[in-house]
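Comments concern the structure below.
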Amino acid sequence: MKREQISIPGTAADFEPGEHRDSMCAYRSDDRAVTLYLADCLAVIERLPAESVDVVWADPPYFLSGGGSTCRGGQRASVDKGKWDAPSTVAGMHAWNKAWLMACRRVLKPTGTLWACGNRHNIHSLGFAMQELGYRGLNDVTWQKPNPPPNLGCRTLTDDAETILWASRDRKARHIFNYAAMRAENGGKQMKTTWRFPPPTGDEVKHGRYPTQKPVALIRRALRASLPVDGTVLDPFMGSGTAGVAARELGAKYIGIDLSDEAVKLAVTRITETPASPRVEVPDMTAYAALCDLCDEMPYDEFATMMRDLQVIQRHRTEAEMVRELAGSQV
């Protein structure tokens, strides 16, 4: 697919003098916070510097477009998304998943994490590939969809959820987790792993629907949980640019990649109408990392007792103050 086939408003090739000029780059925002590529993700990622990305949001092909059907608007409709989502052999699918996960792992910072979406068609391959490559699994998040379409075949349970794997680069990595922000978002309680969001509607699809599009609120929560201030998000399967919209709303930098010119056009339209917001400050994670080191060194029962005593004594203090005081007193 030739780049000149695309006509996109913006500053696609407006680079600074002396800066590398990449023919795969389809768009770059005036504030240089957003860069979109029309290309294969492996070709782009291999050109990115090592340890340059804070969060990878990946919504890869599920490989479910095999002639099945679903219910849409009360009518039977095909689930086929396109050739890019056509089923492969098990070995071929796994080799592909392992290839892009390996590429993403190279560009992740030591504190960075990866979110990978899937369902029963591909999620087991993703999880196994992560284990093979040395990722550390952190959580399996369930995206639960209210009022899912009915199961027309009546031979299986009705699908109402997808899985999102959250992982750090390796077992020794001290990944960023904005615990206080997630607890505040959940009404002062610890954030759990079942997230209930409706599929995209209204303004999110006003420029057109795109296959497998996720709601902005879902991705925004994932990014808020794992992004540092002024962080960079890599999206190797950009689609309609929902992760770019979420990153823009959080004041983060965004690198999006897709093979479809339709996807790139739609992503540019959505992202350019989203005003950049200053990144909400999150607690300094240095003390938290020190606390994690302490947790690794102490017997679990002793550590748990110390934490419980601290919570009883200092219940009136904020979570961030507790962590900083405890880490400072023990390190």
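The values are calculated or read from the model by the stated rules, or taken from the named source; none is laboratory data. No experiment lies behind these values; they were computed from the predicted model shown. All Cβ positions, even for glycine, are placed from backbone atoms using ideal geometry, and neighbour counts span all protein chains on display.
Within the range 86-102, can you find the residues that are surrounded by 19 or more Cβ atoms within 10 Å (Cβ to Cβ) and at pLDDT below 95? Talk me through it step by step, then tell me what you get.
We begin by selecting, within the range 86-102, every residue surrounded by 19 or more Cβ atoms within 10 Å (Cβ to Cβ); these are 93, 97, 100-101.
Passing the criteria: only MET93.
Yes or no, residue by residue, for (1) in contact with a helix residue (DSSP H, G or I) (Cβ under 7 Å, 6 or more places away or on another chain); (2) more than 22 Å from THR242 (Cα to Cα):
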| position | (1), (2) |
| --- | --- |
| LEU138 | no, yes |
| LYS145 | no, no |
| CYS154 | no, yes |
| LYS172 | no, yes |
| ALA184 | no, yes |
| LYS189 | yes, yes |
| ARG196 | no, no |
| GLU204 | yes, no |
Scanning the range 139-193 for residues that are over 19 Å from TRP115 (Cβ atoms) and small (Gly, Ala, Ser), the one modelled with the lowest pLDDT turns out to be GLY153
Of the candidates ASP293, ASP284, ASP258, the one satisfying the condition of being at pLDDT 95 or above and of a type in the set (Asp, Glu) is ASP258
- Going by the conditions given, is LYS192 assigned by TED's automatic domain parsing to the domain that holds ASP40 and surrounded by fewer than 13 Cβ atoms within 10 Å (Cβ to Cβ)? yes
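Every residue, every condition in (1) more than 13 Å from ARG220 (Cβ to Cβ); (2) among the acidic types (Asp, Glu); (3) assigned to a helix (DSSP H, G or I); (4) in the same structural domain as LYS98 (by TED's automatic domain parsing), yes or no:
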site: MET238; (1), (2), (3), (4): yes, no, no, yes
site: GLY251; (1), (2), (3), (4): no, no, no, yes
site: ILE257; (1), (2), (3), (4): yes, no, no, yes
site: GLU262; (1), (2), (3), (4): yes, yes, yes, yes
site: LYS265; (1), (2), (3), (4): yes, no, yes, yes
site: PRO278; (1), (2), (3), (4): yes, no, no, no
The condition of being assigned by TED's automatic domain parsing to the domain that holds ASP160, at pLDDT 90 or above and at positive phi holds, among ARG136, ARG105, ARG32, only for ARG32
Within the range 111-124, the residues that are surrounded by fewer than 21 Cβ atoms within 10 Å (Cβ to Cβ) and either free of Cβ contacts under 8 Å to residues at least 12 places away in the same chain or in contact with a strand residue (DSSP E or B) (Cβ under 9 Å, 6 or more places away or on another chain) (or both) are THR111, ASN119, ARG120, ILE123, HIS124
Filter the range 194-236 for residues that are small (Gly, Ala, Ser) and not in a helix (DSSP H, G or I); the one that is modelled with the highest pLDDT is GLY231
Residues of the range 141-161 being touching a Leu at 6+ places or on another chain (Cβ under 8 Å) and surrounded by fewer than 13 Cβ atoms within 10 Å (Cβ to Cβ), in sequence order, are none
HIS207: in contact with a strand residue (DSSP E or B) (Cβ under 8 Å, 6 or more places away or on another chain) and in the same structural domain as ARG106 (by TED's automatic domain parsing), yes or no?
no
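Considering only the range 114-157, state which residues are assigned to a loop (DSSP other than H, G, I, E, B), over 30 Å from TYR179 (Cβ atoms) and of a type outside the set (Lys, Arg). Spell out the reasoning first.
Taking the range 114-157 and keeping what is assigned to a loop (DSSP other than H, G, I, E, B), we get 119-122, 134-135, 145-157.
Next, from what is left, pick out any that are over 30 Å from TYR179 (Cβ atoms): 120-121, 147-157.
Listed by number, the residues that qualify are HIS121, ASN147, PRO148, PRO149, PRO150, ASN151, LEU152, GLY153, CYS154, THR156, LEU157.
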